[in-house]
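Data first, discussion second: the structure below is written as structure tokens.
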Amino acid sequence: MKLNTIAATFIIVIFLSLCVWGAYQFPHLMLSPGQLLEGHTKISHECLACHTFFKGTPLEKCTACHKLPEIGLLTTSGIPIEAANPEKVPFHQGLTVLSCSNCHTDHVGNKAEETIQKFDHNMVKESIINNCVSCHHKPEDRLHEQISESCSTCHNQIGWLPALFNHMNYFVFDAEHQTDCKTCHTNNNYTSYTCYGCHEHSPSDMAKEHVEEGIYDYENCSECHRSGDEDEVKRYWKSGKRDSLMGRSTLENNKQDKKHKEHSEKKRKDKKHRDDDHHEDNEENSH
Amino acid sequence: MKKSLFREEVFSSILLFGVLLVATILVDLLLHTIKLVWIGRYLGYAGTFLIIASFAYSLRKRKIIQWGSPKLFLIFHEYASWIGSLMVMVHAGIHFNAFLPWFATSACLVVVASGLTGKFLLRKAQAFVSLKRAAFLEQGTSDALIEEKIFWDAVALDVMGKWRTPHIQITLVFCFLAALHILTIFMLWK
């Protein structure tokens, strides 16, 4: 039994020694946590080309090949990047913090985009931060192509989403409202809107429609009309949400409702009265 | 008796080992689903700490620690090493990139399997021999005759008792590989 123990111990020691030797001789097989980027495959067996023991990946190791003034302009072989990839924008020269590993990592495969960590915008100069399109593409959708304001009006530097702005909270783009932004938001001003850009709406028609119902404060259309659904606006009106948004008390709300009902009743009586008069006139004429 | 032994001990042993594997997959899947994979990295630290802490039982057994109930230390050893192994397994994930971490992970699994073998089979064997001895005593059998009757059982138990040696050897292999993995991580950090 003792001999067995000695033999087992011997085998274990041999195995562990092989592990140590293997880690030293073949680090890419024994230690590497994943494939390197395509551009780094030539040095995949040379850990110390990028790493320094217990010190990570110092800046100098990266800049030995990727010279800071050339990043984004020339490849490490000296080929102009503009010719190779015209969409790339050089901004590394404007970095205020020089630490490659803050954004880049490796050993995760051949997909370059997976090696980019969350970018901290505070690492670049303010002039670059405020000029988003110097690095980012402006979205080519109908909403963004019309906007000339700063991206930061809706977006922040932590992430594109969630954007601060959600149009559905203000007005739903239903079937009747599939239109250009500028139909409602004139002069590229997204802080205000008008519903009179559509031929079906005119100030005089709106005034008539609302005053008939006893509504005199109707200029802020989307306050009640959150979509093209007429039933919805009635529900919304009855729910009293409009008044709560406007800071009215329930008492004021009730008064407004009462006023509205009285006005509707008066209108109904007037109409009935007019119909009766008309009926009497007809009868007189027939006699 | 054989059926009962399998159901109560062998099956329990396999079940606990299976639960470890299934739990590893589920936790890893959960972390991937809720996009908290980074937690896996830190589970490596927590798992290692728990496994190291579980060695307190060995210290108690060898009287280096002289306080506390050995039974409680054993229970802590069993739970801490199982949970620690789960954390290490989740830390390893299902990604195969290099041999050394997987040698360490494999050694971890072997240690758990070995530990579960000891926990169930050895305990059952000890109980079986004690029960047999008690039955003979109850029948009024003399001590010499009892020793003779349970000789082969005692031999088997003695052989099983030797299980501790390979268990400790495998544990040392795991510790060495894990330490080498940790050392190389810190050497080539980032």
Just the residues that are more than 14 Å from chain A (Cβ to nearest Cβ) and among the aromatic types (F, W, Y), please, taken from the range B:63-103.
B:W67, B:F73, B:F76, B:Y79, B:W82
For helices (runs of 4 or more DSSP H) lying entirely in the range B:1-85, having 2 or more residues that are at pLDDT 90 or above picks out B:11-33, B:38-54, B:56-61
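Restricting to the range B:142-154, and then to whatever is touching a helix residue (DSSP H, G or I) at 6+ places or on another chain (Cβ under 7 Å) and of a type outside the set (A, V, I, L, M, F, W, C), can you tell me which residue is nearest to the other protein chains (Cβ to nearest Cβ)? It would help to see each step written out before you state the result.
Just the residues of the range B:142-154 that are touching a helix residue (DSSP H, G or I) at 6+ places or on another chain (Cβ under 7 Å), to begin with: B:146, B:149-150, B:153-154.
Cutting the leftovers down to of a type outside the set (A, V, I, L, M, F, W, C) gives us B:149, B:153.
Numbers: B:K149: 25, B:D153: 19 Å.
Among them, the one singled out is B:D153.
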Do the conditions hold for A:I128, that is, is it modelled with pLDDT under 80 and outside any loop (DSSP other than H, G, I, E, B)?
yes
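Here's a check for you: in the range A:21-58, which residue that is aliphatic (A, V, I, L, M), more than 7 Å from chain B (Cβ to nearest Cβ) and crowded, with 17+ Cβ neighbours inside 10 Å is farthest from B:A98 (Cα to Cα)?
Across the range A:21-58, the extreme among qualifying residues is A:L37.
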Output the number of the condition that A:F54 fails; it satisfies all remaining conditions of (1) of a type outside the set (G, A, S); (2) over 28 Å from B:W189 (Cβ atoms); (3) at pLDDT 85 or above.
(2)
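Considering only the range B:155-190, how many residues are part of a helix (DSSP H, G or I) and more than 10 Å from every other protein chain (Cβ to nearest Cβ)?
Keep residues of the range B:155-190 that are part of a helix (DSSP H, G or I), which gives B:155-161, B:164-187.
Right, trim to more than 10 Å from every other protein chain (Cβ to nearest Cβ) and you get B:155-158, B:160-161, B:164, B:167-168, B:171, B:174-175, B:178-179, B:182.
Looking only at that region, the number is 15.
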Condition broken by A:S17, with the remaining ones in (1) away from every other protein chain (no Cβ under 14 Å); (2) exposed (fewer than 13 other Cβ atoms within 10 Å of the Cβ) satisfied
(1)
Top-ranked residue of the range A:204-246 - restricted to ones that are modelled with pLDDT of 75 or more, assigned to a helix (DSSP H, G or I) and within 27 Å of A:L143 (Cβ to Cβ), ranked as farthest from the chain's Cα centre (by Cα)
A:M206
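Return the only residue of A:K61, A:K2 being buried (at least 16 other Cβ atoms within 10 Å of the Cβ), of a type in the set (K, R) and either within 14 Å of chain B (Cβ to nearest Cβ) or over 29 Å from B:I170 (Cα atoms) (or both).
Just a single option satisfies the conditions, and that option is A:K61.
The values are calculated or read from the model by the stated rules, or taken from the named source; none is laboratory data. Nothing here was measured: the structure is a model prediction, and the numbers come from that model. Cβ: placed from backbone, ideal geometry, glycine included. Neighbour counts: every protein chain shown.
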